[in-house]
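Quick one: this structure, given as C-alpha cells, is what I'll be asking you about.
The values are calculated or read from the model by the stated rules, or taken from the named source; none is laboratory data. Everything numeric in this text was worked out from a predicted model, so none of it was measured. When we count neighbours, we look across all protein chains shown, and the Cβ atoms used for this are built from the backbone with ideal geometry, even at glycine.
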Amino acid sequence: MQNRYITITVLMCLLVSGCLVSPQPPAESPTTEPTTMAVDYPDVPESDSNSSLLNFSKANERALATERARNSTSGEIQAVTISINNATISERSANGTVVHLEYNVGLRVESNTGEVSSADTQYTVNYYVANDKEVHRASTKGLHRPGPNPRTNGTTVTAI
C-alpha cells in the first residue's frame, strides 16, 4: 500500500511539474521585420515658376540623398542631415530651365560593433526641367560652378 502512495505522489509531482502533460506549442514570438522607410519623390510641377522648380529640385535631391545614404551603409543609420546651401535658377531658355543646387549630406552611422562614424559630403547638382516636363539631372561631388551640364552629362530623372 505504501508503494501505491509513493507512486501516486510521484505521479502527482510529475503532473504538477508538467512532465506528463502533452507539450504545448511554443507561444509565437513577434517577428520584427526590417523597417524600411519609404522615400517620397516629388512629382514634376505643372508650373514652371522659379519657386515650383526650386522646390521640386530640392525635394527630389533630398529624397535621392536619403535613399542613397540608406542603401550605401552597412550599419544602423542614426541620422541623415541634408543642408541645401545654394539653390538658384541658373539658366532659362525657350525649351526649359536649369536649376543649380549645392548641398551637404551629413551621415551618422553605428556599426555592428557599436562604433559610431560620421561623414560629410558636399555635392553640386544641376537639373534641367524641359517645358515638356522631362527632367535631366547631373551631379558631382564637391563644389563646382556652374557644375555639370544635365542636358549633355545628365541622366533622365523622369520623362512624361
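Determine which member of the set V105, V109, V98 is under 29 Å from H144 (Cα atoms) and modelled with pLDDT of 95 or more.
Selected residue: V98, the only one of V105, V109, V98 that is under 29 Å from H144 (Cα atoms) and modelled with pLDDT of 95 or more.
Just one of R92, R62, R70 is modelled with pLDDT under 90 and out of contact with any helix residue (DSSP H, G or I) (no Cβ under 6 Å at 6 or more places or on another chain); which is it?
Result: R70 is the single residue among R92, R62, R70 that is modelled with pLDDT under 90 and out of contact with any helix residue (DSSP H, G or I) (no Cβ under 6 Å at 6 or more places or on another chain).
Residues checked against (1) more than 14 Å from V105 (Cα to Cα); (2) surrounded by fewer than 15 Cβ atoms within 10 Å (Cβ to Cβ); (3) free of Cβ contacts under 8 Å to residues at least 40 places away in the same chain:
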site: D40; (1), (2), (3): yes, yes, yes
site: S47; (1), (2), (3): yes, yes, yes
site: K58; (1), (2), (3): no, no, no
site: E61; (1), (2), (3): no, no, no
site: A65; (1), (2), (3): no, no, no
site: A69; (1), (2), (3): no, no, yes
site: S72; (1), (2), (3): no, yes, yes
site: Q78; (1), (2), (3): no, yes, yes
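Something else: Of all residues being in a strand (DSSP E or B) and among the aliphatic types (A, V, I, L, M) in segment 84-95, which is farthest from P148 (Cα to Cα)? Just the residue, please.
Per the criteria, the residue is I84.
OK, next. Return yes or no: is V80 farther than 19 Å from S52 by Cα and either among the β-branched types (V, I, T) or not in a strand (DSSP E or B) (or both)?
yes
Moving on to the next point. Filter segment 90-115 for residues that are of a type in the set (A, V, I, L, M) and crowded, with 16+ Cβ neighbours inside 10 Å and give the result.
V98, V99, L101, V105, L107, V109 - these are the residues of segment 90-115 that are of a type in the set (A, V, I, L, M) and crowded, with 16+ Cβ neighbours inside 10 Å.
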